[in-house]
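J.: Mind having a look at this structure? Questions to follow.
The values are calculated or read from the model by the stated rules, or taken from the named source; none is laboratory data. Note that the coordinates shown come from a computational prediction; the quantities given were computed from them, not determined experimentally. Reconstructed Cβ throughout: ideal geometry from the backbone, glycine too, with neighbour counts over all protein chains shown.
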Amino acid sequence: MSFAGVLPSRPNCRPSGDFIMIVSHKHKFIFFKPHKVAGTSVHLALSEFCGKDDIITRLGIFRADHDQTEYKPVSRNESVFTNHSTPEELRSKMPEIYSKYTKITIVRNPWDAAASAYWWHTKGKIPFVIYLRKKYDLNNERYYFSEGKPICDIYLRYERLEKDYQELCKKFGFEYRELPRTKTLTRSNREYRYLFNEKTKARIKDLNRQTIYNFGYRF
C-alpha cells in the first residue's frame, strides 16, 4: 500500500465513465473505484464486509466472456448519488464523513491502464493510435488528487494488488480471502509497450503527470 504525499498541481482532464464507490459507516472507510485497475474485484471483496446502512453503488453484471469468477453485484443505499458523481460531490454532500473516514483507492501504471482500456473498449478492432485520439478519455486522476493534493489515505497498487489487499484486510480486521478474478478474459496480451510510439507514450504521460510523479511509474 502507498500513502499520499503533496504533489504539484495540474489541470483536470474531463471525467470518464461512471463513479462507483463504497461508503462504509460500519468500518469508517470510503472506497473509490477508478477505471481499469481491478477495482471491480476489490469492490466486490469489500462489499462483503459492509453493513445494512452502508452505501454500495452498483457494478455491472457477471459475464462469462469477461470474468473468471462468477459474482452477483450488490448495491445498497445508493440513491443519493448519480452514476456521474465525483469525489468532490461526495465531499460536498457528506463533509464530516469525507474528512473522518479512511479513503482508499487503487493506482496502476498509466500506460498499462491505457492499454487495458483499449482492449476493453475495442477488443483490438481499431488501431491503438486511433483509439487514443478519438475515444480515449480515461481520467483516474480525479480519484487521486484535488488541487494538487492527495484525496485518499491509502493507495493500493495494481502491480501488487493481492498483497496490498491482504494488508488492508489486516488493517481493518477483515478476514482475508483471495480477490475474485473479474474482467480478466478480454485481453490476451498483457504486454503494453509494443502498442505505443513516442507520440502516444508522451500523451499518456502528459495526462497522468501527477500519478507518474507520486507513484514513480515508468514506461
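J.: Test GLY148 against the stated conditions and say whether it is over 19 Å from VAL37 (Cα atoms), free of Cβ contacts under 8 Å to residues at least 60 places away in the same chain and either in contact with a strand residue (DSSP E or B) (Cβ under 7 Å, 6 or more places away or on another chain) or exposed (fewer than 15 other Cβ atoms within 10 Å of the Cβ) (or both).
T.: Considered against the rule, which asks whether it is over 19 Å from VAL37 (Cα atoms), free of Cβ contacts under 8 Å to residues at least 60 places away in the same chain and either in contact with a strand residue (DSSP E or B) (Cβ under 7 Å, 6 or more places away or on another chain) or exposed (fewer than 15 other Cβ atoms within 10 Å of the Cβ) (or both), GLY148 comes out as no.
J.: If I filter the stretch 195-210 for residues that are under 20 Å from SER41 (Cβ atoms), modelled with pLDDT of 95 or more and in a loop (DSSP other than H, G, I, E, B), do I get at least one hit?
T.: no
J.: Let me ask something else about it. List the residue pairs whose Cβ atoms are under 6 Å apart, where the first residue sits in the stretch 24-43 and is more than 17 Å from ASP112 (Cβ to Cβ), the second is among the β-branched types (Val, Ile, Thr) and surrounded by fewer than 23 Cβ atoms within 10 Å (Cβ to Cβ), and the two are 6 or more positions apart or on different chains.
T.: PHE29/THR102
J.: Does any residue in the stretch 115-142 that is in contact (Cβ under 8 Å) with a residue 24 or more places away in the chain come within less than 8 Å, Cβ to Cβ, of a residue that is surrounded by fewer than 19 Cβ atoms within 10 Å (Cβ to Cβ) and among the hydrophobic types (A, V, I, L, M, F, W, C) six or more places away or on a different chain, and which pairs are these?
T.: ASP137/CYS13; ASN139/CYS13; GLU141/CYS13; ARG142/CYS13
J.: Sticking with this one: State yes or no: is ARG160 at pLDDT 95 or above and in a loop (DSSP other than H, G, I, E, B)?
T.: For ARG160, the condition - at pLDDT 95 or above and in a loop (DSSP other than H, G, I, E, B) - is not met.
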